[in-house]
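What follows draws every value from the coordinates through simple rules; no lab data is involved. Just so you know, these numbers come straight off a predicted model, no measurement behind them. Neighbour counts are summed over all protein chains in view; Cβ atoms, including those assigned to glycine, are modelled from backbone coordinates with ideal geometry.
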Amino acid sequence: MSLLRRWFDPIRSRWFYQKQSRQAVLPTEQGLSIHLRLDDVYSYLAAQQLTQLDELLSPELKPLTIVISNTSAEPPNQMTVAEWHQYCLNDAKILAKQHRFRYDEEKPEQPTAEALKQAETILRYTPLTGQNFLYLLEDIFHMLWQQQYGKLRTLYVMACQHHKPQSFPERVFSDTPILASYFEFGGRKYHAVDDLLRLTRRLRQQKLLTGTPIFLINHIEWREHLLNDAEELAEIQAMHPELDLYIALEDPISWLLLAYIREELADYYNIQLNVYPLSYRGRDLFDWSLATRLSKRTEVKFTPFCRPTADATLAMAQLFYSVNVDQRIEAMYQILQAVWTDAKDFSYAAHLQQMQYDLGVDQLTDTDVAACLQQNDQACDEKLQPNFPALVLRIDGEEYIFNSLYRVWMIESIFNNVLEQKYKDDNDASFQDAAE
């Protein structure tokens, strides 16, 4: 980093966070579209929301454009195709339980190639449009993902015998690879499930919805808690939950989530936090506007001006491993805070020495920090997660693994499920005692 930037970026960072941000009005000329794949389980969940969404769209955004791709993008984070598919099936099960989607929880599996070909033919041939097409689309997804292949073949035969390929501008069949379903509006992409509420907020802000949407009914907003009853809270606290975070130090989302969890969840639920920094991953290709919006919603300060280099992340890790074990969470919080709110560059000796003084570190550790990071990398890779930070929650003898800003709500959801199971077991035991 240049000398000018080292001097100017801290000033620019303070100005950036304090300035009033004005939401831009996104253009509507391209309408609203959703991109799907018939063999993508997230598309299956998203299809269950489309009829309700379409009912609420203003005439300006109708018809909703449906883009169906037959090509999958490469799995993320160097996962194999099989690992990615298994992750998606498990993740969809969690989403379905949380948000009350229809889903085969007993034995979910990818649809067969023959079934996918039949389903695409039905959708290409059907003359149905508007809401009727969306109902058909949802039914087709149910047939594919619940292995109702007899029903699917019947529809396929009828389509081939009675119809020909149709052409509608709002129905597009594409070879463009997509990894998972997403909406597109005004040049921005929104994950079809995780970003659905963010999308509807945007549409409401621009007065593009005719009513109030009710999606993802069990969604937990930032700075809200699922458990507020004092007795229930005490029971969770008494279980001493433990949460491991595997974080990429150059990743702004890792800072935002570590800060949010430390400030909002750790003390509230008596969570013991453990942080495991990872080797430099080059995570610099971010939607920085998304990170900025997330910082506003979580009320965690963030500025995008100082993105740590490989040398800087190694210096940050050396600072982290130089403090006592019981002080490392606070140390990591201060280190990341200095980077992401004050634009400190820890490849610069003066910034490193100042943080060393602030942390009360007399001498930097002579531990092989690079080896420690590689050990953390290996442990993180074994979790088979597609994104960072990777989180491991342990409570009541069980371990739960998830990842990224889109799954932070799982911490409180898991606590709630643990209590529900505990109460059920207690009731069953009481009933058994009474019967005896």
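A few notes on this one:
- Mean separation of Cα contacts under 8 Å (6+ apart) over length of the chain, as relative contact order %: 19 percent
- Between E399 and S167, the simple label model (points 7 Å from Cα in the Cβ direction) yields a spacing of 5.7 nm.
- Where [x] 4, 18, 26, 24, 17, 8, 3, 0, 0; [y] 4, 16, 17, 17, 18, 16, 8, 3, 0, 0; [z] 5, 24, 34, 25, 10, 2, 0 are the candidate values, the label of the one calculated here for P(r) over Cα pairs in 10 Å bins from 0, in percent is [x].
- Pairs beyond 22 Å (Cα-Cα), from K117/K383; K97/K189; K62/K296; K107/K151: K117/K383; K97/K189; K62/K296
- Dividing the mean sequence gap of close Cα pairs (under 8 Å, 6+ apart) by how many residues region 230-414 holds gives a relative contact order of 28 percent.
- Mean residue ellipticity (222 nm) of the chain, computed from DSSP H runs ≥ 4 via -39,500 (n - 2.57), nearest 500: -15000 deg cm²/dmol
- Nearest-ten-degree value, helix 349-358 long axis tilted from longest Cα axis of the chain: 80 degrees
- Region 32-205 - share of DSSP beta bridges that are antiparallel (%, nearest 5): 45 percent
- Degrees, to the nearest 10: 81-99 long Cα axis against longest axis of the chain: 80 degrees
- Per-residue Cβ neighbour rank within 10 angstrom, fewest leading, I214, I247, I68: I214, I68, I247
- Over all other residues within a Cβ to Cβ distance under 12 Å of Q78, the charged ones net out to -3, with Lys and Arg as +1 and Asp and Glu as -1.
- Angle between the chain longest axis and helix 130-145 axis [Cα atoms, degrees, rounded to 10]: 70 degrees
- Straight-distance crosslink candidates among lysines, where the alpha carbon sits under 21 Å from K301 and sequence neighbours closer than 8 are dropped: K19, K344
- The Stokes-Einstein estimate for region 365-404, based on a Kirkwood radius over Cα pairs and taken at 20 °C with 1.002 mPa s viscosity, is a diffusion coefficient of 185 µm²/s.
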